[in-house]
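The structure appears below as structure tokens.
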């Protein structure tokens, strides 16, 4: 990381602390490293890391730029869109129907110190970009239920379906993809198939690095479904919707909110297909009004009373305590004093804590 990037990053955070002080009430703690969240359109909501994710009243609609801290959660409705900026040259665009968590936020303290940033995308679409080439000690990762994207300086798309399937597409630069093999109950990725072999081993990661224009689609267990050139990027829709009012989310359906804030007007909405396990935006379903169809994959055995490694308080609250997050990808590495790929300050605080 260059001196200019680090210096500008420190200046940006300092300026935000001054300019965005009124919004600080929503951030986790005033002495933590922070990033900025800027709503662009539609319903964008924020929840502090200290809040119970199952309490709907703890989600606050964001109508102006604010600060976020490690562990904070962000979600968007069917028209929602926001920009999460870590420092100049490092940001993530959060698209509609997305639930994301800032899982590690260790920003540079000086021009010579490294940074460690990771995000968890539980469902939805994000576009992340790093404009500067990273130094050896820097880390920027995006985790999904299926895999982790590790980058050195690039722009790439991450798309996670409600069923847990993940797609990564490199738009610029190289993206390395690492499978979350713990979801298959394995200690390491299966060996490549031998001559003449068939079966699930053929679907393991055979091309871990994506060059520009190459995409990879991965099932929720970390097995590759396809890797190829020419993946179609999600449609770039112009900004057309207005931002929701700050009262959106108070369960009071005011005039006009059936369009601008449907989550407040559930009793007046017609959602005949909600509950069929398919998220159908053309039927007015989105993450906020129909979480059963548009929310993140809950895990294979959600509801059995046991908090399994692929469950958390965010995805399966009936089995997991609100502060329980996903287990480390490789539990044997958690505690080795190294923040290994796919670990975060939420899954392994002893290794990744600031």
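The values are calculated or read from the model by the stated rules, or taken from the named source; none is laboratory data. Note that this is a predicted model, so its numbers are computed, not measured. We place every Cβ from the backbone using ideal geometry, glycine too, and count neighbours over all the protein chains shown.
Do the conditions hold for residue 234, that is, is it at pLDDT 90 or above and assigned to a loop (DSSP other than H, G, I, E, B)? The answer is no for residue 234.
Residues in region 31-63 that are assigned to a strand (DSSP E or B) and closer than 22 Å to residue 118 by Cβ: 34, 35, 36, 37, 38, 44, 45, 46, 47.
Here residue 254 qualifies as loosely packed, with under 15 Cβ neighbours inside 10 Å and either part of a loop (DSSP other than H, G, I, E, B) or touching a helix residue (DSSP H, G or I) at 6+ places or on another chain (Cβ under 6 Å) (or both). Exactly one residue among 311, 285 is in a loop (DSSP other than H, G, I, E, B), under 27 Å from residue 52 (Cα atoms) and in contact with a helix residue (DSSP H, G or I) (Cβ under 6 Å, 6 or more places away or on another chain), and that residue is 285. Residues of region 294-324 that are in contact (Cβ under 8 Å) with a residue 60 or more places away in the chain and either surrounded by fewer than 20 Cβ atoms within 10 Å (Cβ to Cβ) or within 21 Å of residue 47 (Cα to Cα) (or both): 294, 295, 296, 297, 309, 313, 314, 315, 317, 322.
Name the one entry in 225, 243, 288 that is within 17 Å of residue 123 (Cβ to Cβ), touching a strand residue (DSSP E or B) at 6+ places or on another chain (Cβ under 8 Å) and in contact (Cβ under 8 Å) with a residue 60 or more places away in the chain. Exactly one residue qualifies, and that residue is 288.
When the residues of region 343-354 are filtered to those that are modelled with pLDDT of 90 or more and part of a loop (DSSP other than H, G, I, E, B), the one that is surrounded by the most Cβ atoms within 10 Å (Cβ to Cβ) is 344. Residues in region 260-279 that are surrounded by 20 or more Cβ atoms within 10 Å (Cβ to Cβ) and touching a helix residue (DSSP H, G or I) at 6+ places or on another chain (Cβ under 8 Å): 264, 274, 279. Reported count of residues in region 37-63, each being without any contact (Cβ under 8 Å) to a residue 40 or more places away in the chain, touching a helix residue (DSSP H, G or I) at 6+ places or on another chain (Cβ under 7 Å) and more than 24 Å from residue 343 (Cβ to Cβ), is 1. With over 14 Å from the mean Cα position of the chain (by Cα) and modelled with pLDDT of 95 or more as the only criterion, which of 66, 119 stands out? Only one candidate passes the filter, namely 66. The condition (being over 17 Å from residue 40 (Cα atoms) and either touching a residue at least 60 places away in the same chain (Cβ under 8 Å) or surrounded by fewer than 21 Cβ atoms within 10 Å (Cβ to Cβ) (or both)) is satisfied by just one residue among 89, 78, 124: 89. Say we look at region 161-208 and pick out the residues that are part of a strand (DSSP E or B) and more than 25 Å from residue 87 (Cβ to Cβ); which of these is modelled with the lowest pLDDT? Selected residue: 179. For region 326-338, how many residues are surrounded by 23 or more Cβ atoms within 10 Å (Cβ to Cβ) and at pLDDT 90 or above? The qualifying residues number 1. If you go through region 64-82 and keep only what is outside any strand (DSSP E or B) and touching a helix residue (DSSP H, G or I) at 6+ places or on another chain (Cβ under 9 Å), you end up with 64, 65, 72, 77, 78, 79.
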